[in-house]
1. So how many residues does the range 111-152 have that are small (Gly, Ala, Ser), closer than 21 Å to PHE196 by Cβ and either outside any loop (DSSP other than H, G, I, E, B) or in contact with a helix residue (DSSP H, G or I) (Cβ under 7 Å, 6 or more places away or on another chain) (or both)?
2. Of the residues that sit in the range 77-102 and are of a type in the set (D, E, K, R) and part of a helix (DSSP H, G or I), which one is surrounded by the fewest Cβ atoms within 10 Å (Cβ to Cβ)?
3. With surrounded by fewer than 19 Cβ atoms within 10 Å (Cβ to Cβ) and either without any contact (Cβ under 8 Å) to a residue 24 or more places away in the chain or assigned by TED's automatic domain parsing to the domain that holds SER195 (or both) as the only criterion, which of GLN118, GLN149 stands out?
4. Can you pull out every residue in the range 196-220 that is assigned to a loop (DSSP other than H, G, I, E, B) and either within 26 Å of ASN85 (Cα to Cα) or touching a helix residue (DSSP H, G or I) at 6+ places or on another chain (Cβ under 6 Å) (or both)?
5. Being surrounded by fewer than 21 Cβ atoms within 10 Å (Cβ to Cβ) and closer than 24 Å to ASN190 by Cα is the filter here; which residues of the range 283-302 pass it?
6. Output the number of residues of the range 344-353 satisfying the condition of being surrounded by fewer than 18 Cβ atoms within 10 Å (Cβ to Cβ) and either modelled with pLDDT under 95 or touching a helix residue (DSSP H, G or I) at 6+ places or on another chain (Cβ under 7 Å) (or both).
7. Assess whether GLY161 counts as being out of contact with any strand residue (DSSP E or B) (no Cβ under 8 Å at 6 or more places or on another chain) and small (Gly, Ala, Ser).
8. Do the conditions hold for PHE202, that is, is it of a type in the set (Phe, Trp, Tyr), farther than 30 Å from GLY67 by Cα, in the same structural domain as ARG111 (by TED's automatic domain parsing) and buried (at least 20 other Cβ atoms within 10 Å of the Cβ)?
Amino acid sequence: MSISNKLFADNSLDQFKKIETRLQGIQTKIASGTRIPQSSEQPLDAVTLSARKELDRKIEQFQNNLGKVNDRLSLVDNVFEESVNLSIRIKELLVQGNTDTLTHSERMAIRTEVINIQKTLISIANTVDSSGDALFGGFSTEGSPFSQQLDSSVTYNGDGGEHSLQVSESIKLPTSINGSRAFLEVNFNNKTYSSFDIINSFANSLLTNEDFTQEFSRDAKNGLLLNVKASRSPQLWSMDISGPGGISNISATINSDSSDALVDAINNASIGLTASLNSDGNILISSNPEGEFKISNLQIEGNKIAQVEPKNYIQVLLPDGLTQVTRVSDFSQGLDAQADMVSAMIDSFSLIRTTAGARLNNAQSQETILANRSTAVKTEIGKLNDADIQKLITDLQSLLVTQNAARSTYTKLSGQSLFDFLR
């Protein structure tokens, strides 16, 4: 079959164009370092590569979230390390303050330090992270979660939630501990106390130590008067009372208008004491036979912590009704009652720190998992995307040789005439 000069030229130029396209493709792959510069070249690998890149972006976001989880939980750990230290210092001050040889001025100096410790605790409870978000406000991360009122009480302005972040497709990790749980839920004797109230209680106990006692005893042969300062609403009062005939724990529900139930309880105790209600509302105590009258362990319903000014107590008077002997307050008002509550606060803060540490360990374990996933995904992306430069250069050189040979052949053949073939 004969081939015309025109057909030969067209075929040659078409081959040159294909070689040029292949050269440009190889050069693009070498320059970009990728084996799939266009998805049309390898559509299946391109789809797989796109999915792997999307997964890589997700893992990167999970790692960013996990970084924030680690940062916030590390702050929580630091806060409760300091909280434990502050609580231990309070316990040291309690031991120091609950000494009979201490003067009132010395106790007031201790009280000043206790108040400053409480301010420090409020300050660290309002800690914010690197983004300025409150650490212990729950879902409410703007503003300070704790604020001190004029009466020294502390109000929680946050909510009951716990902020968390997604660290994998199926796992969310908390970034902190709810502020209410952390600082307002100290469990002691089946009751819940605020750590700030416990500190306030100690400060108040120091303040009233000279004016109130929690245990009183005296010979009652000449009689004593008890002026019971009860509330207007009915309250359950209980106490240990001793007389010549022994000791008894009595209880009665009374209010400011009537102490009859307490009088009956004393008389029914059968411990050598006689109680009667005077016209002025005072209870007259006398002993038969003569002996000591003692009152201790007074428990008044509704009194959980020491108050700045106790409203409910027993005023002990001489029979003249004018001379005050002492004032017996609820047991919670005394320094002895503070020790166990402070110990419970230390235990609570230690437990919270342990919880934060466990969550931090969990986050660090997840960090390892994400790092391994990221490495595996990036390796697969590299295999799909990265070009084999050495092979491409070899292919490029081979194709350049082919191109040069084809051009030489074309030039030589196209430059000959019919007379060249007839020689």
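1. Residues in the range 111-152 being small (Gly, Ala, Ser), closer than 21 Å to PHE196 by Cβ and either outside any loop (DSSP other than H, G, I, E, B) or in contact with a helix residue (DSSP H, G or I) (Cβ under 7 Å, 6 or more places away or on another chain) (or both): 7 in total.
2. Filtering first and then ranking leaves GLU92.
3. Exactly one of GLN118, GLN149 is surrounded by fewer than 19 Cβ atoms within 10 Å (Cβ to Cβ) and either without any contact (Cβ under 8 Å) to a residue 24 or more places away in the chain or assigned by TED's automatic domain parsing to the domain that holds SER195 (or both), namely GLN149.
4. Of everything in the range 196-220, those that are assigned to a loop (DSSP other than H, G, I, E, B) and either within 26 Å of ASN85 (Cα to Cα) or touching a helix residue (DSSP H, G or I) at 6+ places or on another chain (Cβ under 6 Å) (or both) turn out to be ASN209, GLU210, PHE212, GLN214.
5. Selection gives SER296, ASN297, GLN299, GLU301, GLY302.
6. Selection size over the range 344-353: 1.
7. Taking the combined requirement at face value, the residue satisfies it.
8. yes
The values are calculated or read from the model by the stated rules, or taken from the named source; none is laboratory data. Every value quoted in this text rests on a predicted model; they were computed, and no experiment measured them. When we count neighbours, we look across all protein chains shown, and the Cβ atoms used for this are built from the backbone with ideal geometry, even at glycine.
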